[in-house]
Structures are given as structure tokens and as C-alpha cells.
Amino acid sequence: MTDKLHEECGVVAIYGHPEASKLAYLSLYALQHRGQESAGISASDGQDIRTTKSMGHVAEIFTNPVLAQLPGKLAIGHTRYSTAGDTVERNAQPFSVSCNKGRISVAHNGNITNAQELRAELESQGAIFQASSDTEVILHLVAHSREKTLPLALREALLRLEGAFSLVFLAEDRIIVARDPRGFRPLAVGQLENSGGKPGWVFASETCAFDLISAVYLYDCQPGEMISVGPEGVVRERYAPEKPRSQCVFEHVYFSRPDSLVFGRSVQDSRELMGRLLAIEAPAPADIVVPVPDSGNAAAIGYGSESGLPYRQALIRNHYVGRTFIEPSQAIRDFGVKLKLNPVRSLLEGKSVVLVDDSIVRGTTSRKIVRMVRQAGAREVHLRISCPPTVSPCFYGVDTPDKRELIAANSSVEEIRKFVEADSLAYLSLGALERAVQDTKGEYCYACYTGNYPTEIVSVDQLMRAGRKI
Ligand code: SF4
């Protein structure tokens, strides 16, 4: 990842395991890449729901004594980077309420595009919000529903939501999960091996969360589907009419871990194929292929194997960069990038290099990396991007800057090449990206590359961000 285009959120739910909160913690640990701002777990022992949430990383927040305060066989968890709402602790999830349907907790991955309208309507009916996150709107809709049971109230609430959501709900005796009718965000379903007799269930944004807890991936929660697991067993139901699918292609380009299956497909396979197709579409006169780690790794492997050029890890990433660090008072040029990446001179000196990355957002970080490679002795730097130019912001849970800040929305490829100071620059074509994720039926969203949004743009704010006339 070459620029500031942030991770969204990760969700997990565990049903039917005596150490549910510990398993939720381990799953969240595997999903940490999806959001490093805050994390939280709610657990139910059948009578009460307890929640712990805080700013920070999963491993910092959940110590043994903290997890001991979260007993029970049911738990949900969330790790967050804010895509809607302020960066403050009160926006950390899960959110909980007590209402006439009992006590409920919810965690959400995505972005509700009509949240502002729903919030205004609920406030006019007397609802009081504690946070600015759009997730709380869902709980208020459930609480205000006239339906008597939780599944019916949830169904009613979900039908009012527009946009992207993969949701996990915790009630005292059950877990309910749901995915929006277009299926923007992933939600995988697995079974727990060791749950003392009856099978336990696990739900998570990515299957890498299953591996650490020895769960087996079964299937995906389908777009428009609600799955309830309670004392009576598992109930799957379609709560919304079928709509064309809009699975987020950026999950495969960047967000998800390569060891995950997302939308039923291996992320590693998609990225390697992106790299292979990039090598076919945009060959470069070079000696070596170098990824911008980590998200460029798999595409660079693909580029290397297709082109026959040797793959070299000539940029080393420091994985331990915390959220705050102390900069010397005498400013060091490009300090932020140097803190994360460092070149291996012996691999780069005198070489013509194909540098593979997954996207260029504003262009400033890409320029720093190109300079870094050149200063380490590279003779030429040919930048190759494993997706098309990012020309439009995302309204479905990815924190893309406004259109006016996206370099590709305002400059030609040649202008970007000059800006990032590369000897050549090429992007993967849209058709090749479709091939890389095996999208033969038009089931993916590509709006950040095309500006063709699969849903109505519903607010003035969104129109402005998309650079449309009001
Ligand atoms: S606009 Fe881009 S990032 Fe957002 S859901 Fe669509 S493909 Fe994903």
C-alpha cells in the first residue's frame, strides 16, 4: 500500500464454545490488519451481556484478566478503523442496548449510506445517540420496531438500511449475522472443532480468523441472508429480495490477507494473477521485480513468474511500527516512509527495477518510495500497479479521500508518472482485474476505478466527495 487508504473493520462471532470471548480475541488478532484504531468484545453467559472495548490494538486491550470478565459461550468482536464517525472511544464497537427485545450487542463492517437520514428520523422520534458512528442507528431501529421477536425486528431494521454491511448481533441466547443484499463486505461461516459435544459456530470477515482457532470454513453468509444460531439450531433465511451483487474488489486487491478466502476465492490466487496479467499488459525492460511490501508481494510474485524476471525482496518493512513514535526534533526527510520501509542496497545497486504496488492514492507516498529505491542505487524504476487508477471515493466502508485528492482523478498516467518520478508507470486494466478475481458474472463492485456506483448516491456530502454537481 503506497498511500493513506485505510483498512475498514473486521467482525467476528462465536457461538457454543465455553471460552467464546478468548476465541473472539484470537480471531480479532488475526483480523487486526482490518483496523488498528479500536477493538471490542461482547460476551453472553445466557443471562447477561458484558462488553469491553477500547482504543488500541487487540493484544493491548485483551489481557487475561480482561477476558476473565467476559464469560459465556457466545461472543462477538470488532476491530475498527473509522470510516464513518469520529476517532473516539465512544465510537468503538460493539454497541449494546437494552430494549423490549432484551439486551443486544452489534458490530458492523461497512458503511450505511442512508445513516444520516435514518438518524434524523430516529432523533425526531426521541432516540438519543451516544456516538457518531452509523452502527448505533441499527440498534435504534431494532429497539423502535413494533415486531415482538428479535429476528423479526432485525429483519425490519435491515430492510431500511442502504449501503454496505456485514453485521454480527449478540443476544443473550443467540448469535445473528447478516450481509447486505449486494454483498459488498465479506462474511464467512465456519464450524468449531472443539466445542465439547455440540458443534460450535464461528463467523468472521475473513477465513484467516478461522485458522488460529482450528475452525473449518463451510460457506459464506450470502448477500441478503440472515443466519441465526440459537438453542434450536441454525436457521438461514433470505431477508431481502435478490439484487445484483457488488462484492468489493478492493478486498482482493489490498484489504484482505492473502491467506484468506474472500467471497469464496483465495486472495493469494487473485493477487498472483493480477501480477501475471500486469506483466503481460505492461512488460518492463528490467533486471528484477521488487514488491512494495506487504500488499504488493503476491502481485510481484505473479509478475516475476510471468516475465521471467527474478523476484527480490529489496524493500524491508518494519512490522512493529506502533501508532505513535518519537521523531527527532531535527526533521528527517521522508521520516514516515523510512520508518516503515528500508531498501536493501546490495539488491538494488545498478539495477533496473520493476516496483509492484497495489495502488496510488494521492501519489506522495509512491514518490517517496520511488526516490528511496533510486537513492539506494537503482538505475531505473518502473512502477507497476496491480489495479486500475483509483478515480472515485468509496461510500461502502473504505476510507478513500475525496475525488479532488485522488491523483488519478485529476491527472493523466503520464502526469502521475512525472509526479512520482518513475521511469515508466502502468496500471492493470479493468478487464484484467475482472479476470484476476474470476468475475465472470459481473458480481463485483469496481466503483473506485470507474465512478459507476452500484447504489444511488443519497446525500449531498457523497455527491460533493464524488465531485458531482449539486
Ligand atoms: S468503491 Fe471500491 S473500495 Fe468501495 S466497495 Fe466498491 S470496489 Fe470496494
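The values are calculated or read from the model by the stated rules, or taken from the named source; none is laboratory data. Computed from a predicted structure; not experimentally measured. All Cβ positions, glycine included, derive from the backbone under ideal geometry; neighbour counts span all protein chains shown.
For segment 130-140, check the following and say yes or no: at least one residue is in the same structural domain as Thr51 (by TED's automatic domain parsing), in contact with a strand residue (DSSP E or B) (Cβ under 9 Å, 6 or more places away or on another chain), in contact (Cβ under 8 Å) with a residue 12 or more places away in the chain and within 16 Å of the ligand (Cβ to nearest atom).
Here is the first cut: in segment 130-140, the residues in the same structural domain as Thr51 (by TED's automatic domain parsing) are 130-140.
Subset that is in contact with a strand residue (DSSP E or B) (Cβ under 9 Å, 6 or more places away or on another chain): 130-131, 133-140.
Among the residues that remain, those that are also in contact (Cβ under 8 Å) with a residue 12 or more places away in the chain are: 130-131, 133-140.
Among the residues that remain, those that are also within 16 Å of the ligand (Cβ to nearest atom) are: 134.
Checked segment 130-140: at least one residue is in the same structural domain as Thr51 (by TED's automatic domain parsing), in contact with a strand residue (DSSP E or B) (Cβ under 9 Å, 6 or more places away or on another chain), in contact (Cβ under 8 Å) with a residue 12 or more places away in the chain and within 16 Å of the ligand (Cβ to nearest atom).
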Query raised in the report: Where residues in segment 391-415 are of a type in the set (A, V, I, L, M, F, W, C) and in contact with a strand residue (DSSP E or B) (Cβ under 9 Å, 6 or more places away or on another chain), which of them is surrounded by the fewest Cβ atoms within 10 Å (Cβ to Cβ)?
Result: Val413
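Conditions (1) surrounded by 24 or more Cβ atoms within 10 Å (Cβ to Cβ); (2) within 16 Å of the ligand (Cβ to nearest atom); (3) assigned by TED's automatic domain parsing to the domain that holds Ala30, marked per residue:
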position: Tyr254; (1), (2), (3): no, yes, no
position: Asp259; (1), (2), (3): no, no, no
position: Leu277; (1), (2), (3): no, no, no
position: Glu281; (1), (2), (3): no, no, no
position: Pro285; (1), (2), (3): no, no, no
position: Val290; (1), (2), (3): yes, no, no
Requested in this report: Go through (1) more than 23 Å from Ala298 (Cβ to Cβ); (2) assigned to a helix (DSSP H, G or I); (3) not small (Gly, Ala, Ser) one by one and return the number of the condition Lys368 breaks.
Outcome: (1)
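In the list Asp423, Asp402, which residue meets the criterion of being more than 25 Å from Phe263 (Cα to Cα), assigned by TED's automatic domain parsing to the domain that holds Leu355 and at pLDDT 95 or above? First the steps, then the outcome.
On the way: Asp402 fails: at pLDDT 95 or above.
Going through Asp423, Asp402 in turn, the sole match is Asp423.
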Query - Residues (at pLDDT 95 or above and surrounded by fewer than 24 Cβ atoms within 10 Å (Cβ to Cβ)) located in segment 30-45 - result: Asp45
Query - Residue identified as over 21 Å from the mean Cα position of the chain (by Cα) and at pLDDT 90 or above among Pro71, Pro94 - result: Pro71
Query raised in the report: Taking the stated definitions as given, is Pro388 buried (at least 18 other Cβ atoms within 10 Å of the Cβ) and over 24 Å from Val353 (Cα atoms)?
Result: no
Report task. Return the residue satisfying two criteria in turn: it lies in segment 292-313 and is hydrophobic (A, V, I, L, M, F, W, C) and surrounded by fewer than 23 Cβ atoms within 10 Å (Cβ to Cβ), and of such residues it is farthest from Glu380 (Cα to Cα). Result -> Ile301
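Do you know which residues across segment 147-179 are of a type in the set (Lys, Arg) and buried (at least 21 other Cβ atoms within 10 Å of the Cβ)?
If we filter segment 147-179 for residues that are of a type in the set (Lys, Arg), which is where we start, we get 148, 155, 160, 174, 179.
If the condition is that a residue be of a type in the set (Lys, Arg) and buried (at least 21 other Cβ atoms within 10 Å of the Cβ), then Arg179 is the only one that fits.
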Requested in this report: Answer yes or no: is there a residue in segment 396-405 that is part of a strand (DSSP E or B) and either of a type in the set (Asp, Glu) or away from the ligand (no atom under 16 Å from the Cβ) (or both).
Outcome: yes
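Restricting to segment 371-395, name every residue that is under 29 Å from Tyr81 (Cα atoms) and part of a helix (DSSP H, G or I).
To start, the set of residues in segment 371-395 that are under 29 Å from Tyr81 (Cα atoms) comprises 372, 383-395.
Answer for segment 371-395, where residues must be under 29 Å from Tyr81 (Cα atoms) and part of a helix (DSSP H, G or I): just Met372.
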Query - Arg362 vs. criteria basic (Lys, Arg), in a loop (DSSP other than H, G, I, E, B) and either more than 12 Å from the ligand (Cβ to nearest atom) or farther than 30 Å from Pro223 by Cα (or both) - result: yes
Query - Evaluation of Pro241 against (1) buried (at least 18 other Cβ atoms within 10 Å of the Cβ); (2) more than 23 Å from Leu31 (Cα to Cα); (3) out of contact with any strand residue (DSSP E or B) (no Cβ under 9 Å at 6 or more places or on another chain) (one fails), failing number - result: (1)
Query - helices (runs of 4 or more DSSP H) wholly inside segment 257-359 containing at least 3 residues that are modelled with pLDDT of 95 or more - result: 267-281, 297-307, 345-348
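Looking only at residues in segment 180-195 that are closer than 14 Å to Ala13 by Cα and within 16 Å of the ligand (Cβ to nearest atom), which one is surrounded by the most Cβ atoms within 10 Å (Cβ to Cβ)? Break it down stepwise before answering.
Keep residues of segment 180-195 that are closer than 14 Å to Ala13 by Cα, which gives 186-192.
Applying the additional criterion that residues be within 16 Å of the ligand (Cβ to nearest atom) yields 186-187.
Values: Pro186: 26, Leu187: 29.
Filtering segment 180-195 for residues that are closer than 14 Å to Ala13 by Cα and within 16 Å of the ligand (Cβ to nearest atom), the one surrounded by the most Cβ atoms within 10 Å (Cβ to Cβ) comes out as Leu187.
Please tell me if Lys73 is basic (Lys, Arg) and over 18 Å from Gly102 (Cα atoms).
Details: basic (Lys, Arg): yes; over 18 Å from Gly102 (Cα atoms): no.
It is false that Lys73 is basic (Lys, Arg) and over 18 Å from Gly102 (Cα atoms).
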Query raised in the report: Which one is farthest from Glu272 (Cα to Cα), of the residues in segment 406-457 that are of a type in the set (Ser, Thr, Tyr) and within 16 Å of the ligand (Cβ to nearest atom)?
Result: Thr455
Query raised in the report: In segment 198-237, which residues are over 24 Å from the mean Cα position of the chain (by Cα) and under 18 Å from Phe169 (Cα atoms)?
Result: Gly200, Val229, Gly230, Pro231, Glu232, Gly233, Val234, Val235, Arg236, Glu237
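Could you tell me whether Leu383 is away from the ligand (no atom under 16 Å from the Cβ) and either surrounded by 17 or more Cβ atoms within 10 Å (Cβ to Cβ) or assigned by TED's automatic domain parsing to the domain that holds Asp294 (or both)? Explain how you work it out, then say what you get.
Numbers: away from the ligand (no atom under 16 Å from the Cβ): yes; either surrounded by 17 or more Cβ atoms within 10 Å (Cβ to Cβ) or assigned by TED's automatic domain parsing to the domain that holds Asp294 (or both): yes.
Yes; evaluated as a whole, the condition is true for this residue.
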Requested in this report: Under 7 Å between Cβ atoms, at least 6 apart or on separate chains: pull out the pairs that start in segment 370-383 with a residue that is of a type in the set (Lys, Arg) and end on any residue that is surrounded by fewer than 19 Cβ atoms within 10 Å (Cβ to Cβ) and modelled with pLDDT of 95 or more.
Outcome: Arg371/Glu421; Arg379/Gly350; Arg379/Ser352
